Amino acid sequence: MRQDIKKQIEVRLKRIEGQVRGLQKMIDVETYCIDVITQTSAVRKALSAVEDLLLENHLSTHVVEQMKSGNVKKATDEIISIYKLSKKK
């Protein structure tokens with residue numbers, strides 16, 4: 001994994017961890033539902049940003065190496081698989 005991307009992911013995941021802890025507290029104190037939903041939306045967006053970084057890493061490292069080594073079919077299959085997953089969001 002590219003070290004710059006790894007660091008960004010680590011920072012984002014720690015932030016998400018804090019957000020989820022915050023959600024638990026919001027439920028414990030029976031925070032207004034709309035406020036909780038707003039926070040869950042923020043967590044979802046943050047996870048999506050982590051996925052984007054992982055995809056960037058995968059495409060710029062693994063897929064490039066697969067194509068350079070002549071394994072175009074595997075690279076293409078992985079890109080299509082990720083594309084299909086993204087359409088299910």
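Values in this text are rule-based calculations from the coordinates and carry no lab data. Keep in mind the model is a prediction, meaning the values are calculated, not measured. A quick note on method: Cβ atoms are made from the backbone with ideal geometry, for glycine too, and the neighbour counts reach across all protein chains shown.
As a length-normalised measure over Cα pairs under 8 Å and 6 or more apart, the relative contact order of region 3-87 settles at 31 percent. Considering helices alone, the calculated mean residue ellipticity of the chain at 222 nm is -28000 deg cm²/dmol, with DSSP H runs of length four and up weighted by -39500 (n - 2.57) and normalised per residue.
Rounded to 0.05, the FRET efficiency of the Lys14 and Lys68 pair, given R0 = 41 Å and the Cβ-Cβ distance, is 0.75.
Starting from the Kirkwood radius over alpha-carbon pairs of region 5-89, derive D by Stokes-Einstein at 25 °C in a medium of 0.890 mPa s and give it in µm² s⁻¹. The estimated diffusion coefficient comes to 164 µm²/s. If one takes the longest principal axis of the Cα atoms in the chain, at what angle in degrees, from 0 to 90 and to the nearest 10, does the Cα axis of helix 3-28 lie? Its long axis makes an angle of about 30 degrees. Taking the Cα centre of the chain as origin and assigning +1 to Lys and Arg Cβ atoms and -1 to Asp and Glu Cβ atoms, the resulting dipole is close to 220 debye.
The angle between the Cα long axis of helix 33-58 and the longest principal axis of the Cα atoms of the chain comes to about 20 degrees, rounded to the nearest 10. Seen against the Cα atoms of the chain and their longest principal axis, helix 72-87 is set at about 20 degrees. Each part gets one Cα centre, and for region 52-89 versus region 1-48 those centres are 26 Å apart.
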